[in-house]
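A short write-up of the structure that comes next.
The values are calculated or read from the model by the stated rules, or taken from the named source; none is laboratory data. Since this is a predicted model, take the numbers as computed values, not measurements. Quick reminder, even Gly has a Cβ in these numbers, built from the backbone with ideal geometry, and neighbours come from all protein chains shown.
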Amino acid sequence: MSFTIDMSGKVVLVTGGSRGVGDGIVETFLRAGAELEICGRRAPGSLREVDGRRPHFSPVDVRDAAAVQAWVAEIAERRGRLDIAVNNAGGSPYAPLATSSAQLYGKIAQLNFMAAVHVAHAVHPLLAYAGEGVLLNITSISARRPSPGTAVYGAAKAALESLTGSLAVEWAPRIRVNAVRCGIVATPGSMDHYGDAEQVAKVAATIPRGVFATPAEVGAACLLLASPLASHVTGAVLNVDGGGEWPAFLQHTPNG
């Protein structure tokens with residue numbers, strides 16, 4: 001038995017869709033035949049292209065609720081529908097709380113949580129009208145384990161997972177709401193963060209699968225959750241982390 005996920009005719013919104021994990025999500029949905037609407041604070045130098053098709057880019061700061069509402073209204077006018085929305089925009093610099101300014105940690109919380117709330121609020125009418133709309137939230141392993149140096153980021157992602165479960169119930173049955181919890185993903189930003197190839201290899205060795213995820217692998221998880229194959233899946237958090245992390249005690253056992 002084989003399955004093909006065909007998203008032809010579907011309109012998909014992806015925040016932060018021009019680079020990194022967002023670019024992988026966009027590429028995956030383009031290959032499945034969907035039409036893509038993406039945003040970012042600045043226009044990218046180039047856009048992902050698949051079979052001559054590209055996403056439509058709009059400059060939007062998703063921390064601004066009014067700007068998000070205006071963007072979604074433009075999509076409704078341009079496309080006439082919206083089937084799937086992916087809250088992908090996020091991230092954080094290394095920012096220990098004790099030495100961070102209120103302005104900095106406030107922006108981190110806004111980007112990684114309130115921006116997703118703004119998007120969810122704005123897309124709700126369109127997703128509900130779609131019949132079986134889908135909202136996907138991209139979270140992080142930092143939501144479930146200590147995240148020193150990015151504590152506010154981790155707390156915001158934990159809040160986003162809580163929002164996922166609550167909206168899945170609040171918006172059922174017309175809209176399914178799920179989350180993809182990412183481990184370390186191989187993006188230019190992650191490579192800059194972890195250092196040279198030797199350092200990256202050391203970090204990858206802490207993952208049971210032995211490698212970082214690729215953006216396309218995150219995209220594949222999103223495509224699955226957005227498809228009819230996951231028609232009875234809502235309120236779920238899907239780990240895309242290569243098995244998480246090796247338990248520390250294994251380093252101190254005879255077979256570790």
*asked:* So Ser162 passes all but one of these: (1) within 16 Å of the chain's Cα centre (by Cα); (2) farther than 18 Å from Ala115 by Cβ; (3) surrounded by fewer than 16 Cβ atoms within 10 Å (Cβ to Cβ); (4) of a type outside the set (A, V, I, L, M, F, W, C). Which condition number does it fail?
replied: (2)
*asked:* Anything in segment 221-256 that is in contact with a helix residue (DSSP H, G or I) (Cβ under 8 Å, 6 or more places away or on another chain), hydrophobic (A, V, I, L, M, F, W, C) and over 25 Å from Ser162 (Cβ atoms)? List them, or say none.
replied: none
_Hey, Asp51 among the acidic types (Asp, Glu) and surrounded by fewer than 16 Cβ atoms within 10 Å (Cβ to Cβ) or not_ = yes
*asked:* If Ala130 satisfies all but one of (1) modelled with pLDDT of 95 or more; (2) more than 21 Å from Gly24 (Cα to Cα); (3) out of contact with any strand residue (DSSP E or B) (no Cβ under 6 Å at 6 or more places or on another chain), what's the number of the condition it fails?
replied: (1)
*Are any of the residues in segment 46-60 aliphatic (A, V, I, L, M), farther than 24 Å from Glu132 by Cα, at pLDDT below 95 and not in a helix (DSSP H, G or I)?*
yes
*Can you confirm whether segment 208-226 contains a residue that is small (Gly, Ala, Ser) and exposed (fewer than 12 other Cβ atoms within 10 Å of the Cβ)?*
yes
_Cβ pairs under 8 Å, 6+ apart, first in segment 215-244 and farther than 21 Å from Gly20 by Cβ, second in a helix (DSSP H, G or I) and of a type in the set (S, T, N, Q)_ = Gly235/Thr164
*May I ask you to list the residues in segment 10-29 that are modelled with pLDDT of 95 or more and on the phi > 0 side of the Ramachandran plot?*
Gly16
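Suppose the filter is crowded, with 18+ Cβ neighbours inside 10 Å, under 20 Å from the mean Cα position of the chain (by Cα), under 20 Å from Gly40 (Cβ atoms) and β-branched (Val, Ile, Thr); does Val134 pass it? Lay out the reasoning, then the answer.
Values: crowded, with 18+ Cβ neighbours inside 10 Å: yes; under 20 Å from the mean Cα position of the chain (by Cα): yes; under 20 Å from Gly40 (Cβ atoms): no; β-branched (Val, Ile, Thr): yes.
Judged against the criteria, Val134 is not a match.
Among the residues of segment 142-159, write down those that are hydrophobic (A, V, I, L, M, F, W, C) and either buried (at least 20 other Cβ atoms within 10 Å of the Cβ) or over 14 Å from Arg181 (Cα atoms) (or both). Lay out the reasoning, then the answer.
From segment 142-159, those hydrophobic (A, V, I, L, M, F, W, C) are 143, 151-152, 155-156, 158-159; that's our starting set.
Hits for segment 142-159 are Ala143, Ala151, Val152, Ala156.
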*Return the residue satisfying two criteria in turn: it lies in segment 61-91 and is surrounded by fewer than 21 Cβ atoms within 10 Å (Cβ to Cβ) and touching a Lys or Arg at 6+ places or on another chain (Cβ under 9 Å), and of such residues it is nearest to Met114 (Cα to Cα).*
Arg63
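If you go through segment 167-188, how many residues are exposed (fewer than 14 other Cβ atoms within 10 Å of the Cβ) and either assigned to a helix (DSSP H, G or I) or touching a Phe, Trp or Tyr at 6+ places or on another chain (Cβ under 8 Å) (or both)? Break it down stepwise before answering.
Kept after step one, since they are exposed (fewer than 14 other Cβ atoms within 10 Å of the Cβ), are these residues of segment 167-188: 169-170, 172-174, 188.
Those still in the list that are either assigned to a helix (DSSP H, G or I) or touching a Phe, Trp or Tyr at 6+ places or on another chain (Cβ under 8 Å) (or both) too: 169-170, 188.
Residues that pass the stated criteria total 3.
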*Is there a residue being touching a Lys or Arg at 6+ places or on another chain (Cβ under 6 Å) and closer than 22 Å to Ala172 by Cα anywhere in segment 100-110?*
no
*Residue identified as in a strand (DSSP E or B) and of a type in the set (Val, Ile, Thr) among Val86, Val119*: Val86
